[in-house]
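Reading through the structure tokens given below for one structure.
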Amino acid sequence: MSKRRVRGFTGPVADPVLAVVFTVLGFLPFTAVLGASFGDLPKRPPDVFAVLLTLGMAVPLAGRRRWPAASFAVIATCFAVHEVVAYPATASTLGLLAALYSVGALQERHRWAVAIASTAGYLGFCLALVLRRSPEGIADFVVFYAALVVCVGIGALVRARRAEELARRRLEAEAAKAAERAHIARELHDVVTHHVTAIVVQADATKYLTGPPERVKESLDTIGMTGRRALKELRSLLSVLEATGERAQASEVAGLDDVVELVALTKSGGQPVQLVVEGTARVVPDNVELAGYRVVQEALTNAVKYAAGCPTDVRIGYTVTAVEIEVANAGGTTMPARELSGGRGLSGLRERVEGLGGELVTGPDGDGGFRVWARIPMKSAA
């Protein structure tokens with residue numbers, strides 16, 4: 001629960017206005033019928049003390065939000081004295097109902113203590129009326145007490161609903177943060193794993209190169225290109241994370257057009273890769289572009305790690321309603337799909353694709369190779 005008090009009515013500025021309104025109503029003769037009155041004693045003419053009691057039932061409402069119990073105590077005392085002394089009815093007595101509502105809606109601590117003290121005070125009020133020969137019976141006292149409890153109950157109900165709303169918003173905020181952390185972790189995994197894997201494989205292969213120095217230079221150039229590509233993607237990711245609510249520019253988002261460079265980079269590392277594009281390339285939403293790119297990237301990462309040197313085919317197909325991506329390699333590991341990339345890559349990829357309303361199928365192709373197939377609809381949720 002927030003340390004800030006749950007607010008009632010419309011705001012703290014409204015409380016002094018409320019106090020002024022009740023004060024003015026209290027001194028207007030034609031509004032007296034609106035007041036809450038109890039006790040049927042002969043009325044005495046109003047005097048200075050009556051004026052003070054009228055003010056005492058209205059002015060404390062200005063502090064009802066900050067000191068709900070104290071405000072109620074002052075108003076209730078003034079109301080009790082006003083009725084026992086038998087001054088004429090006044091609309092300011094409605095301040096008692098507002099104070100009761102405020103206790104129910106705003107009192108945070110010692111609620112039971114306030115309830116017990118209030119009940120004891122009410123019993124004293126009833127006793128004073130009886131001693132003054134007021135004609136009310138037990139039923140009248142019980143009904144009036146029940147009406148007061150209803151006012152508190154309404155405030156408590158409002159408080160409970162607001163607390164539920166605050167809890168719901170807090171849970172939604174926590175869920176959004178968790179989803180954002182998972183998204184960041186997935187992006188970092190996709191960016192880092194692919195390029196680091198390529199660098200490690202290429203560096204290991206360089207140790208065993210024989211022949212002219214040009215071959216070593218080509219291998220080192222490939223490592224450098226891979227590292228620069230990784231830095232570029234990391235900078236793009238960081239720029240998005242650092243943005244203050246602004247969407248990344250389209251040029252900063254990896255997309256299907258970048259698959260050509262990705263394939264070329266993988267081929268330069270020694271992995272035989274063939275890219276085929278079917279259909280007419282069309283304008284694709286950024287989230288679909290990025291998801292498609294990550295599918296190819298993750299599949300090529302696994303091909304380099306577990307099927308190094310085996311022919312790998314990448315196919316991107318455009319239809320009117322969706323983008324289909326297939327990456328298949330011949331031979332290589334027989335490791336279960338859940339264990340590839342430490343079990344994080346493909347599972348995160350599945351979450352990404354299914355989150356856009358698509359589907360992802362991974363597994364052995366039956367001929368000793370491995371196949372990754374995805375279909376992502378064009379009209380995907382942002």
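Just to be sure before I move on: is residue 162 outside any helix (DSSP H, G or I) and among the basic types (Lys, Arg) in the structure I sent?
no
Pairs please, first residue from region 351-378 and on the phi > 0 side of the Ramachandran plot, second anywhere and assigned to a strand (DSSP E or B) and crowded, with 22+ Cβ neighbours inside 10 Å, Cβ atoms under 8 Å, 6+ apart in sequence or on different chains.
From region 351-378, the pairs are 357/376; 363/370.
For every residue, the table says whether it meets (1) modelled with pLDDT under 90; (2) surrounded by fewer than 17 Cβ atoms within 10 Å (Cβ to Cβ); (3) under 22 Å from residue 46 (Cβ atoms).
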{"position": "66", "(1), (2), (3)": "yes, yes, no"}
{"position": "70", "(1), (2), (3)": "no, yes, no"}
{"position": "103", "(1), (2), (3)": "no, no, no"}
{"position": "106", "(1), (2), (3)": "yes, no, no"}
{"position": "117", "(1), (2), (3)": "no, yes, no"}
{"position": "136", "(1), (2), (3)": "yes, yes, no"}
{"position": "140", "(1), (2), (3)": "yes, yes, no"}
{"position": "161", "(1), (2), (3)": "no, yes, no"}
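List pairs: first in region 51-63 and not assigned by TED's automatic domain parsing to the domain that holds residue 22, second assigned to a helix (DSSP H, G or I) and polar (S, T, N, Q), Cβ under 9 Å, 6+ apart or cross-chain?
From residues that are not assigned by TED's automatic domain parsing to the domain that holds residue 22, there are no pairs.
Six or more apart or on different chains, Cβ atoms under 6 Å: show the pairs whose first residue is in region 253-281 and more than 26 Å from residue 235 (Cβ to Cβ) and whose second is in a loop (DSSP other than H, G, I, E, B).
272/311
Is there a residue being under 19 Å from residue 41 (Cβ atoms) and hydrophobic (A, V, I, L, M, F, W, C) anywhere in region 143-151?
The answer is yes; a qualifying residue exists.
Hey, among 169, 132, which residue is loosely packed, with under 13 Cβ neighbours inside 10 Å and either in the same structural domain as residue 31 (by TED's automatic domain parsing) or modelled with pLDDT of 90 or more (or both)?
None of the others qualify; the one that does is 169.
Return the residue satisfying two criteria in turn: it lies in region 33-64 and is of a type in the set (A, V, I, L, M, F, W, C) and part of a loop (DSSP other than H, G, I, E, B), and of such residues it is modelled with the lowest pLDDT.
Taking region 33-64 as the starting set, the residues that turn out to be of a type in the set (A, V, I, L, M, F, W, C) are 33-34, 36, 38, 41, 48-53, 55, 57-59, 61-62.
Checking the rest, the ones that are also part of a loop (DSSP other than H, G, I, E, B) come to 36, 38, 41, 57-58.
On the way: 36: 75, 38: 80, 41: 82, 57: 92, 58: 91.
Of everything passing the filter in region 33-64, 36 is modelled with the lowest pLDDT.
What is the residue count in region 32-50 for residues that are under 23 Å from residue 133 (Cα atoms) and in contact (Cβ under 8 Å) with a residue 60 or more places away in the chain?
5
Condition check ((1) in contact with a helix residue (DSSP H, G or I) (Cβ under 6 Å, 6 or more places away or on another chain); (2) at pLDDT 85 or above; (3) among the hydrophobic types (A, V, I, L, M, F, W, C); (4) not assigned by TED's automatic domain parsing to the domain that holds residue 181) across all residues:
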| residue | (1), (2), (3), (4) |
| --- | --- |
| 256 | yes, yes, yes, no |
| 289 | yes, yes, no, no |
| 305 | yes, no, no, no |
| 318 | no, yes, no, no |
| 323 | yes, yes, yes, no |
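Within region 138-151, is there a residue that is closer than 20 Å to residue 78 by Cβ, hydroxyl-bearing (Ser, Thr, Tyr) and in contact with a Gly (Cβ under 7 Å, 6 or more places away or on another chain)?
No; the residues of region 138-151 include none that is closer than 20 Å to residue 78 by Cβ, hydroxyl-bearing (Ser, Thr, Tyr) and in contact with a Gly (Cβ under 7 Å, 6 or more places away or on another chain).
Quick one: is residue 30 assigned to a helix (DSSP H, G or I), out of contact with any helix residue (DSSP H, G or I) (no Cβ under 7 Å at 6 or more places or on another chain) and either at pLDDT 70 or above or farther than 15 Å from residue 79 by Cβ (or both)? Steps first, please.
Working: assigned to a helix (DSSP H, G or I): yes; out of contact with any helix residue (DSSP H, G or I) (no Cβ under 7 Å at 6 or more places or on another chain): yes; either at pLDDT 70 or above or farther than 15 Å from residue 79 by Cβ (or both): yes.
For residue 30, the condition - assigned to a helix (DSSP H, G or I), out of contact with any helix residue (DSSP H, G or I) (no Cβ under 7 Å at 6 or more places or on another chain) and either at pLDDT 70 or above or farther than 15 Å from residue 79 by Cβ (or both) - is met.
The values are calculated or read from the model by the stated rules, or taken from the named source; none is laboratory data. What you are looking at is a predicted structure, and each value in this text was computed from that prediction instead of being measured. In this analysis, Cβ positions are derived from the backbone assuming ideal geometry, glycine residues included, and neighbour counts consider all displayed protein chains.
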